[in-house]
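Colleague: Structure in structure tokens, see below.
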Amino acid sequence: MTDCIFCRIARGEIPAKIVAQDDDLVAFHDLGPQAPVHVLVIPRKHIPTANDIGQEDGALLGRIWTRIPAIAAELGIASVGYRVVNNCLAPAGQSVFHLHFHLLGGRVMGWPPG
Ligand code: DGP
């Protein structure tokens, strides 16, 4: 999608602190970090919300999830623990309508989330 902010980051049109990227995904530091490590992992494909994940996206999502622990390891949080969050729709906290996974670590996490 042309004017989606995360599509624009994935295309390199908007600067971001990128920590990993490949043909499927881009991972970059969140602009407003909620933990010492707060990285967003997004598919290059524009999928607005988790509700829009289709059968055809299964392999893509599998590859992304295979990559997340490796990104956590590269960020130094794999062995100490981390949280992966997807907010689906505004009432759950979604503000950018391009599927993304928050990868959070570097501090102890509370539960339940707010
Ligand atoms: P969510 O609220 O779950 O949709 O998460 C969106 C996140 O995206 C939020 O934590 C802030 C972050 N964010 C929004 N705009 C930008 C941006 O332009 N650059 C970066 N790096 N992060 C952004």
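The values are calculated or read from the model by the stated rules, or taken from the named source; none is laboratory data. Keep in mind that this is a model prediction, so the values were computed, not measured. With ideal geometry, Cβ positions are generated from the backbone for all residues, glycine too; neighbour counts draw on all protein chains shown. For the accessible areas, the whole protein counts, side chains as well, though only heavy atoms, and no ligand, DNA or RNA atoms are used. Shrake-Rupley method; radii C 1.70, N 1.55, O 1.52, S 1.80 Å.
Colleague: Determine the order of C88, C7 by accessible area, beginning with the largest, at a probe radius of 1.4 Å.
Modeller: The most accessible residue leads, giving C88, C7.
Colleague: Give the accessible surface of the chain per residue, rounded to a whole number of Å², with probe radius 1.4 Å and ligands, DNA and RNA excluded. If you can, show how the numbers build up before the last one.
Modeller: Details: 6430 Å² over 114 residues.
On a per-residue basis, 56 Å².
Colleague: At a 1.4 Å probe radius, carbon and sulfur cover how many percent of the accessible area of the chain?
Modeller: In the chain, the share of accessible area belonging to carbon and sulfur is 57 percent.
Colleague: Among all cysteines in the chain, which have no other cysteine Cβ under 4.7 Å from their own Cβ?
Modeller: Lacking a cysteine Cβ partner under 4.7 Å: C88.
Colleague: Ignoring ligands, DNA and RNA, how do F28, F97 rank by accessible area with a 1.4 Å probe, largest first? Intermediate results must be reported in sequence, preceding the final value.
Modeller: Numbers: F28 5, F97 90 Å².
Ranked from most to least accessible, the order is F97, F28.
Colleague: In nm, give the distance between the simple-model label positions of Q55 and S79, each being 7 Å from the Cα along the Cα-to-Cβ direction.
Modeller: A separation of 4.4 nm, rounded to one decimal place.
Colleague: Can you give the Rg to Rh ratio for the chain, taking only C-alpha atoms and Rh from Kirkwood?
Modeller: 0.94
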